[in-house]
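**Q** Below is the structure I would like to discuss, written out as structure tokens.
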Amino acid sequence: MKAAEENWLYTISSNKKLIDLNFNEIWRYRDLLLLLVKRDVITLYKQTILGPLWYFIQPLFTSVIFTLVFNNIADIDTGNGVPSFLFNLAGISSWNYFSACLNGTSDTFKKNQGIFGKVYFPRIIMPMSTILSNLIKFGIQFLVFISFYIYFVYFTDGAYNTSITTAIIILPLIILIMALLGLGFGMLISSMTTKYRDLSFLVAFGVQLLMYGSAVMYPFSLIQEKVNEGKLPDWVGFLIEYNPMTIVIELFRYIMLSVGGFSLSKLIYAFTISILVFLFGLLIFNRTEKQFIDTI
Amino acid sequence: MKDVILKAENISKQYRLGLVGTGTITHDLNRWWHKIRGKEDPYLKIGEANDRSTKSDSAYVWALQDINFEVEKGEVLGIIGKNGAGKSTLLKILSKVTSPTTGEIKTKGRIASLLEVGTGFHSEMTGRENIYLNGAILGMTKKEISSKIDEIIEFSGCQRYIDTPVKRYSSGMTVRLAFAVAAFLEPEILVIDEVLAVGDAEFQKKAIGKMQDISKGEGRTVLFVSHNMAVIQKLCNKSVLLDKGKFVMKGKTEDVIEYYLQQSVLNNSEYTFDNQLNSDKLAYTNKISIQDLEGNLINEIPIGKPWAVKVTFTVTEKVKNLVIGLGMTDLYDVAIRTTWSLPKDLEKGKYEITFTEEYLSFNQGQYKLIIGISRGAQVIEYLDNEIFMTVSDAIYQQEKSIVNNKSGIISNQMKTHLKKIN
């Protein structure tokens, strides 16, 4: 009798573990994860005329504008034999994935407070579903990029220096780094904004600003040049160089267009940073998820 | 042998009152500073019992304080108490939406909660897609839902609209669909908060029937919170009474409800209200008294006798079309009647209105009076839960009548005409 009473299956208490990621539980809710991804994908462009075409329009138009402004007007050199349009499209597609992950997860608690206040399920399911549905979006945009790549390489003669390198095998790793960075920062911000809303104002334009510091519309080599010429302070060059997103985007362009350089140590550095950011975000997220409904 | 499926030990929950602002961060920092030195949270000591009507300097209150109880397998436990007693907080802790400040709850089964129907519905998706999504949110797997989807759709009664986006549904249909999903959940412990207060009469009946099946037929454990005593009585065999965040009693539902209702009835014949609290209203009540026709205060009104309610109220500025309403309900909040004065234009000042009746046609027992003051359709004041009256059967006892508790709320007799026809 005594022994049977001690045989409890679940306990609800105020004790907090530092990192409490219950994989069994997440696995049990895997159907929810998939249904949420499905929801995000099918409801995004409901009641629009162009529908899924919006997936293509946004990166294409941005690339056109970037090419006009940064390459045609500001004269940034994207390298010999590399069409600037393709250069920009590569940068924007990968940057979009990171920023969509960050933006999508950074208001997890605020956006879902109605549902979080009513039912329990592992809260991490929500940001995870954002990461996955954005992956689908990235996949579509990647196909767009590939189509333009094929067009430029085989049907024009401006892309004589462009080729996909064998380093394409690390593409999944690069996507993982972007996902971890977006998810980590997103969870961090969403947790911290439950009590103090200040950060949410920062995110909106912070992401925009960060894009300029992540070598999206210029090659990183240009920064080195300017630092060497003394036109750019050293610390700015340093910040851009060690911004993990700079490394990721440079790598992405190296893989797809063979511009820029490949450095294993920088890849390891970016991967380590992304893991750390993710773990730190998870830690804060876990601490918040039990109490946030009282403070939001 | 008792088969305890859920056990709550010393559950407490503290809330901070007021706004979250710059003052909060100093508390947070202080708390953190105590924590890293291994000391106790300084703000845990200062909480007060949760009494909403008294003002206090303390910014912290205990929504729940040292709650202990056990639930046996197959039990349908009602949780009752006044507003602010901590019922919903307890359910929130049980359903893991928020965690307790101290104490723990141990269970031997999965808990699923049904706190408010329709959460998580996406208006752009069809009924069928929403059934899957909502089911998954409530903890079902896709396979489980697929095996029950036909039953769910049938129970909801929305067959025709099932492939239409939910945004085209009427609110009643949304609720039906949501309840249907939840009704087919199969956790060991189900937590329900006031969901039956929705839908039309037919659906409410269906929902209550389903709840009874779940608990009686399928032997699942259910925790149920509602203000509707009639439903609690119908569904729950045991109940827990909470008051101001503290555990009062647990026992058979009838006993607990009886105790609760008795406790909330103050057998007064005169009720006065604090003017200060209401001074910004257009009009407010000062005093309500229950009397006989001569103006003597009476505690109990005998069945069939004349009686009156006198309301003294103050009008703070000139007002048009002022109406005073008097409503009566039984203690289960079932409305019995409403009566009101003709609209009048009133100057600023203090007034008195008397509602009288020659023949009190209610059966013996206790009733609740509701006083409302309104301008046209706009409610200025609404007092319920505060005024009670008692009807006694003293006279009938003398006359050896057959009237008793089971003969209904209304006791006035119809005319009878008896004759021999054959």
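**Q** Show the residue pairs that are 6+ apart or on different chains and have beta-carbon atoms under 8 Å apart, the first residue being within segment A:30-56 and facing another protein chain (nearest Cβ under 9 Å), the second being surrounded by 19 or more Cβ atoms within 10 Å (Cβ to Cβ) and not in a helix (DSSP H, G or I).
**A** A:Asp31/B:Met140; A:Leu32/A:Phe121; A:Arg39/B:His122; A:Arg39/B:Met125; A:Ile42/B:Met125; A:Thr43/B:His122; A:Thr43/B:Met125
**Q** Of the numbered conditions (1) more than 7 Å from chain A (Cβ to nearest Cβ); (2) touching a helix residue (DSSP H, G or I) at 6+ places or on another chain (Cβ under 6 Å), B:Ala112 satisfies every one except a single condition; which is it?
**A** (2)
**Q** So for segment B:66-77 (the condition being farther than 27 Å from A:Glu25 by Cβ, modelled with pLDDT of 80 or more and under 21 Å from the mean Cα position of the chain (by Cα)), does at least one residue qualify?
**A** The answer is yes; a qualifying residue exists.
**Q** Just to check your reading of the model, which residue among B:Gly120, B:Gly139, B:Gly127, B:Gly135 is at pLDDT below 80, under 21 Å from A:Asp40 (Cβ atoms) and crowded, with 17+ Cβ neighbours inside 10 Å?
**A** Values: B:Gly139 fails: at pLDDT below 80; B:Gly127 fails: at pLDDT below 80; B:Gly135 fails: at pLDDT below 80.
Only one candidate qualifies: B:Gly120.
**Q** For segment A:44-62, give me each residue that is open to solvent by 10 Å² or more (accessible area, probe 1.4 Å) and modelled with pLDDT of 80 or more.
**A** Step one: of segment A:44-62, the residues open to solvent by 10 Å² or more (accessible area, probe 1.4 Å) are A:44-50, A:52-58, A:60-62.
Result: A:Leu53, A:Trp54, A:Tyr55, A:Phe56, A:Ile57, A:Gln58, A:Leu60, A:Phe61, A:Thr62.
**Q** Follow-up. Could you tell me whether A:Thr156 is farther than 16 Å from A:Gly281 by Cβ, without any contact (Cβ under 8 Å) to a residue 40 or more places away in the chain and open to solvent by 20 Å² or more (accessible area, probe 1.4 Å)?
**A** When the stated conditions are applied, A:Thr156 does not pass them.
**Q** Sort out which residues of segment B:140-175 are touching a Leu at 6+ places or on another chain (Cβ under 7 Å) and not in a helix (DSSP H, G or I), and write them in order of number.
**A** Passing the criteria: B:Met140, B:Cys158.
**Q** Since A:Tyr149 meets every condition but one in (1) modelled with pLDDT under 90; (2) open to solvent by 50 Å² or more (accessible area, probe 1.4 Å), which condition does it not meet?
**A** All conditions pass for A:Tyr149, except number (2).
**Q** Can you find a residue that is facing another protein chain (nearest Cβ under 10 Å), under 25 Å from A:Arg28 (Cβ atoms) and open to solvent by 30 Å² or more (accessible area, probe 1.4 Å) anywhere in segment B:83-101?
**A** yes
**Q** Which is at pLDDT 90 or above and closer than 23 Å to A:Leu34 by Cβ, of A:Ile175, A:Ile115, A:Ile92?
**A** Numbers: A:Ile115 fails: at pLDDT 90 or above; A:Ile92 fails: closer than 23 Å to A:Leu34 by Cβ.
Selected residue: A:Ile175, the only one of A:Ile175, A:Ile115, A:Ile92 that is at pLDDT 90 or above and closer than 23 Å to A:Leu34 by Cβ.
**Q** Report, by residue number, each residue of segment B:123-145 that is in contact with a Lys or Arg (Cβ under 7 Å, 6 or more places away or on another chain) and more than 7 Å from chain A (Cβ to nearest Cβ).
**A** Result: B:Ser123, single match.
**Q** So is B:Lys142 more than 30 Å from B:Glu386 (Cα to Cα), out of contact with any His (no Cβ under 6 Å at 6 or more places or on another chain) and of a type in the set (Lys, Arg) or not?
**A** Numbers: more than 30 Å from B:Glu386 (Cα to Cα): yes; out of contact with any His (no Cβ under 6 Å at 6 or more places or on another chain): yes; of a type in the set (Lys, Arg): yes.
For B:Lys142, the condition - more than 30 Å from B:Glu386 (Cα to Cα), out of contact with any His (no Cβ under 6 Å at 6 or more places or on another chain) and of a type in the set (Lys, Arg) - is met.
**Q** Moving on. Could you please find all residues in segment A:171-225 being open to solvent by 20 Å² or more (accessible area, probe 1.4 Å), within 30 Å of A:Gln291 (Cα to Cα) and among the small types (Gly, Ala, Ser)?
**A** Once the filter is applied, which keeps residues that are open to solvent by 20 Å² or more (accessible area, probe 1.4 Å), within 30 Å of A:Gln291 (Cα to Cα) and among the small types (Gly, Ala, Ser), segment A:171-225 yields A:Ser200, A:Ala204, A:Gly206.
**Q** Here are some conditions: (1) within 20 Å of B:Met229 (Cα to Cα); (2) open to solvent by less than 20 Å² (accessible area, probe 1.4 Å). B:Asp384 meets all but one. Which one does it not meet?
**A** That leaves (2) as the condition not met.
**Q** To continue, here is another question. Being aliphatic (A, V, I, L, M) and more than 29 Å from the chain's Cα centre (by Cα) is the requirement here; does B:Ile149 meet it? Don't jump to the end; show me each part of the working.
**A** Values: aliphatic (A, V, I, L, M): yes; more than 29 Å from the chain's Cα centre (by Cα): yes.
Answer is yes for this residue.
**Q** Is it the case that segment B:219-227 has a residue that's touching a residue at least 24 places away in the same chain (Cβ under 8 Å) and part of a helix (DSSP H, G or I)? Full working, then the answer.
**A** As a first pass, look at segment B:219-227 and keep what is touching a residue at least 24 places away in the same chain (Cβ under 8 Å): B:219-227.
Imposing the further condition that a residue be part of a helix (DSSP H, G or I) reduces the set to none.
Checked segment B:219-227: no residue is touching a residue at least 24 places away in the same chain (Cβ under 8 Å) and part of a helix (DSSP H, G or I).
**Q** Right, another one. Among the residues of segment A:63-83, what is the count of those that are within 18 Å of A:Glu250 (Cβ to Cβ), surrounded by fewer than 14 Cβ atoms within 10 Å (Cβ to Cβ) and within 25 Å of the chain's Cα centre (by Cα)?
**A** Counting residues in segment A:63-83 that are within 18 Å of A:Glu250 (Cβ to Cβ), surrounded by fewer than 14 Cβ atoms within 10 Å (Cβ to Cβ) and within 25 Å of the chain's Cα centre (by Cα) gives 0.
**Q** Another question about this same structure. Being within 14 Å of chain B (Cβ to nearest Cβ), among the basic types (Lys, Arg), open to solvent by 20 Å² or more (accessible area, probe 1.4 Å) and assigned to a loop (DSSP other than H, G, I, E, B) is the requirement here; does A:Lys231 meet it? Steps first, please.
**A** Working: within 14 Å of chain B (Cβ to nearest Cβ): no; among the basic types (Lys, Arg): yes; open to solvent by 20 Å² or more (accessible area, probe 1.4 Å): yes; assigned to a loop (DSSP other than H, G, I, E, B): yes.
Against the criterion (within 14 Å of chain B (Cβ to nearest Cβ), among the basic types (Lys, Arg), open to solvent by 20 Å² or more (accessible area, probe 1.4 Å) and assigned to a loop (DSSP other than H, G, I, E, B)), A:Lys231 does not qualify.
**Q** Taking the condition of being more than 14 Å from chain B (Cβ to nearest Cβ) and touching a Leu at 6+ places or on another chain (Cβ under 9 Å), how many residues in segment A:192-205 meet it?
**A** Count: 1.
**Q** Now for a separate question. As an exercise: evaluate A:Lys137 against (1) of a type in the set (D, E, K, R); (2) within 14 Å of chain B (Cβ to nearest Cβ); (3) in a helix (DSSP H, G or I) and give the number of the one condition it does not meet.
**A** In the conditions (1) of a type in the set (D, E, K, R); (2) within 14 Å of chain B (Cβ to nearest Cβ); (3) in a helix (DSSP H, G or I), A:Lys137 misses (2) alone.
**Q** Between B:Tyr382, B:Tyr351, B:Tyr271, which is of a type in the set (Ser, Thr, Tyr), within 27 Å of B:Lys82 (Cβ to Cβ) and modelled with pLDDT of 85 or more?
**A** Numbers: B:Tyr351 fails: within 27 Å of B:Lys82 (Cβ to Cβ); B:Tyr271 fails: modelled with pLDDT of 85 or more.
The match here is B:Tyr382.
**Q** Quick one: would you say A:Phe148 is more than 30 Å from A:Pro127 (Cα to Cα) and either in contact (Cβ under 8 Å) with a residue 40 or more places away in the chain or assigned to a loop (DSSP other than H, G, I, E, B) (or both)?
**A** On the way: more than 30 Å from A:Pro127 (Cα to Cα): yes; either in contact (Cβ under 8 Å) with a residue 40 or more places away in the chain or assigned to a loop (DSSP other than H, G, I, E, B) (or both): yes.
Yes, satisfied.
**Q** What residue, of A:Leu89, A:Leu132, is open to solvent by 10 Å² or more (accessible area, probe 1.4 Å) and either assigned to a helix (DSSP H, G or I) or hydroxyl-bearing (Ser, Thr, Tyr) (or both)?
**A** On the way: A:Leu89 fails: open to solvent by 10 Å² or more (accessible area, probe 1.4 Å).
Going through A:Leu89, A:Leu132 in turn, the sole match is A:Leu132.
**Q** Across segment A:254-272, what is the total count of residues that are modelled with pLDDT of 90 or more and either under 30 Å from A:Ile115 (Cβ atoms) or open to solvent by less than 50 Å² (accessible area, probe 1.4 Å) (or both)?
**A** Residues meeting the conditions: 2.
**Q** Then there's this: In segment B:315-334, what count of residues is obtained for those that are without any contact (Cβ under 8 Å) to a residue 40 or more places away in the chain and either surrounded by fewer than 19 Cβ atoms within 10 Å (Cβ to Cβ) or not in a strand (DSSP E or B) (or both)? Working first, answer last.
**A** First, the residues of segment B:315-334 that are without any contact (Cβ under 8 Å) to a residue 40 or more places away in the chain: B:315-318.
Still in the list and also either surrounded by fewer than 19 Cβ atoms within 10 Å (Cβ to Cβ) or not in a strand (DSSP E or B) (or both): B:316-318.
Qualifying residue count for the region: 3.
The values are calculated or read from the model by the stated rules, or taken from the named source; none is laboratory data. None of these values were measured; they are calculated from a predicted model. Backbone-built Cβ (ideal geometry, glycine too); neighbour counts: all protein chains shown. These area figures cover heavy atoms from the full protein model, side chains too; ligands, DNA and RNA do not enter into them. Shrake-Rupley method; radii C 1.70, N 1.55, O 1.52, S 1.80 Å.
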